[in-house]
Amino acid sequence: MDDTILSLRGITRDFGPFRAVDDVSLDIERGSITGLIGPNGAGKTTLFNVLTGALEPTAGSVMLNGRDVTGLAPDHLFSAGLGRTFQIPRPFARMSVLENVMLAPGGQVGERLHGPFLQSASMHRQETTIRDRAIEVLDFVTLLPLADQAAGQISGGQMKLLELARVLMGDPQVILLDEPAAGVNPTLTKLLISKIEELNRQGRTFVIIEHDMDFVMQHCTPVIALAEGRVVFRGTPEEAQKDPLLLEAYLGAVAVD
Amino acid sequence: MIGVISYLVFFSTVAAILAIAVLGLNLQWGNTGLFNGGVVAFFGAGAYATLIFGGTPQEGQLGGFALPYPLALLGGMFVAGVMAWIVGILTLRLRHDYLAIATFGVAVAFENLMRNAEALAGGAQGLRGFERPLFDALGGGLAYNSLFLICVLVLLLAVYVFLERLIRSPFGRLLRAIREDETAARSLGKNPARIRLTSFITGSVIMGMSGGLYGTFYAFISPQDVLPILTFQIWAMLIVGGAGNNRGAVAGAFLIWGAWTASGWALSRFAPQEVQLYTGSVQFILIGFVIVGMLLWRPQGLFEEKLVVSQQGRTATKELQGDRR
Ligand SMILES: Nc1ncnc2c1ncn2[C@@H]1O[C@H](COP(=O)(O)OP(=O)(O)OP(=O)(O)O)[C@@H](O)[C@H]1O
Ligand SMILES: [Mg+2]
């Protein structure tokens, strides 16, 4: 299918004798908001880590836009258009929120040792552009009032938003979010969802790991379920809620109400 | 009176030279989080190489190339940089404590090499035969020392301005991001390996400059000048002054060097004879106390690192933990 943006074939990842991800083959549709669910330890984060190059797969391959990106380093994958956030936020704690966000764009001349001295004019021009864009993105995720705060001092939920803001600065086509709503209060979650949907309308593809079933069932299509490293379900939220295996294995509590 | 001034000039020269090395360490540790436990190796490489490049020929010994002084000093910095490049490629994959141990080992090896390689570095006798630039013209003495102090202060200022500009730029932002969380930086498309090496080499070149000036000042360098204690002193200066803050690094250098010389003087003056034999060891212990005490009571140092906030085209700094303006 030509509307597949991210394609996994036989992805397997072992930790010693333990198989965390077991022969996962998936096609992620361009422009979708794909939900990835599964019990704790199902291998969801590990799968993200393999996709983004943070971990090497034991076997299998990853294609991004038809290009084989298996085993590429995380920095290269980000440049190739694949952005991710972390389940446990990783802010640059002793840097301002604004600096956290301004870091992300690639190709900054000022990032080279001679840049600030020999190319200071173009560096300043770039900085102005990047700063304007950073302010825009921070405003978008409602963090602008905290721009001058140390990123290590903002709240956990705000850190989740900061992660999203950082990723957006790189303008990736595919954004992998690892439990964006965990530990985030309902108001902020609603806001986060509206931001995700807005970005999705602009053409970005999302893959979202989430334990919050309301979140997944209302906003993600398709839904993919992982258990013990294997794909056990793939379908619409409606199908998911009717699937006997899923009901038993994972959604039991939700299905009651 | 002249005696006091002479002493102050002498003291300030050494303190300012060491401050340059502390600034180099601040780039590596304060900004990049690279734990260089072998500062003295790069300081020493700069010192030895400067004297070898700029000294007069000595019998049975390498060097004495008698290059013009600025070239000799640049050569010293270059050698320190090449050494950092080699050490960096081999060790920068190591994390914190392992990097510290590896670089410490490099420094010990360097000292041993200098102590034993007579043909290269004069062995235990050290390197002699260096003529200080303009020394004869000015006839030595206070006038010369004052001029030398001014030159050192100008270089200190230049290094300071260079580093301030660097750390306020995207380069500095990248260094801090790698210091804070390398994994997150990678996930945002940054290549930590390259930038860590750049920072390590740049910091070491600055240490090499410090060493070159030190060797010039004494017109002599020997293995006794590149003992591990100097690494600890430079670390104490940075920790007391405030890692991540260049002003703190300079202030720490003057403070710790002042405390060091004062304690040496006080011990020789007031301590009982039996203790005086161990002045060096007592000072060693004191500097250990200063480092540990500072890390316990004020880990951010006297001058806290400032947060770079840059709103509306203006770059300013603000206290990291203090209240908002
Ligand atoms: N680096 C690692 N080394 C060893 N085992 C690991 C490693 N990372 C993950 N695992 C194991 O792999 C399995 C899957 O972990 P993973 O983090 O992918 O789960 P998850 O589906 O994201 O769970 P959760 O919903 O709790 O976040 C777990 O059993 C975990 O212990
Ligand atoms: Mg997880």
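The table below gives the values:
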quantity	calculated
Nearest 10 degrees, 0 to 90: helix B:170-180 Cα axis against chain B principal axis	80 degrees
Accessible area (Å², per residue) of region B:2-324, counting only protein heavy atoms and a probe of 1.4 Å	43 Å²
Share of carbon and sulfur in the accessible heavy-atom surface of chain B [1.4 Å probe, %]	67 percent
Accessible-area value, B:TRP260, 1.4 Å probe, nucleic acids and ligands omitted, Å²	50 Å²
Accessible area of B:ARG269 in the full protein assembly, 1.4 Å probe (Å², nearest 10)	150 Å²
Partner chain coverage, peptide B:187-200 - average Cβ within 10 angstrom	6
Angle in degrees between helix B:96-116 and the longest Cα principal axis of chain B, rounded to the nearest 10	10 degrees
Nitroxide proxy distance, nm - points 7 Å out along Cα→Cβ at B:GLN125 and B:ARG194	4.8 nm
Residue of B:VAL14, B:VAL40, B:VAL275 that the Gaussian network model of chain B assigns the largest fluctuation, springs spanning Cα pairs under 10 Å	B:VAL275
Cα centroid separation, region B:13-87 to region A:180-239 (Å)	57 Å
Under 5 Å, built H, 5+ apart or other chain: amide partners of A:LEU36	A:ILE208, A:ILE209, A:GLU210, A:ILE224
The protein assembly as shown: Lys pairs at Cα distance under 20 angstrom, eight or more positions apart or on different chains	4
Relative contact order computed over region A:4-254 (Cα-Cα under 8 Å; 6+ residues apart), in percent	27 percent
10 Å Cβ neighbours from other chains, averaged over peptide A:112-123	3
Mean Kyte hydropathy of -0.5 or more with a Cα span along the axis of at least 15 Å, helices from DSSP in chain A	A:156-169, A:186-201
Solvent exposure ordering (accessible area, 1.4 Å, most first) of A:THR70, B:THR103, A:THR128	A:THR128, A:THR70, B:THR103
Folded to 0 to 90 degrees: helix B:228-241 orientation relative to chain B principal axis, Cα	40 degrees
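The values are calculated or read from the model by the stated rules, or taken from the named source; none is laboratory data. This structure is a prediction, so every number in the text was calculated from the model and none was measured. Note that we place each Cβ from the backbone using ideal geometry, even for glycine, and neighbour counts take in every protein chain shown. Accessible surface is based on the protein model in full, side chains and every heavy atom, while ligands, DNA and RNA are left aside. Shrake-Rupley method; radii C 1.70, N 1.55, O 1.52, S 1.80 Å.
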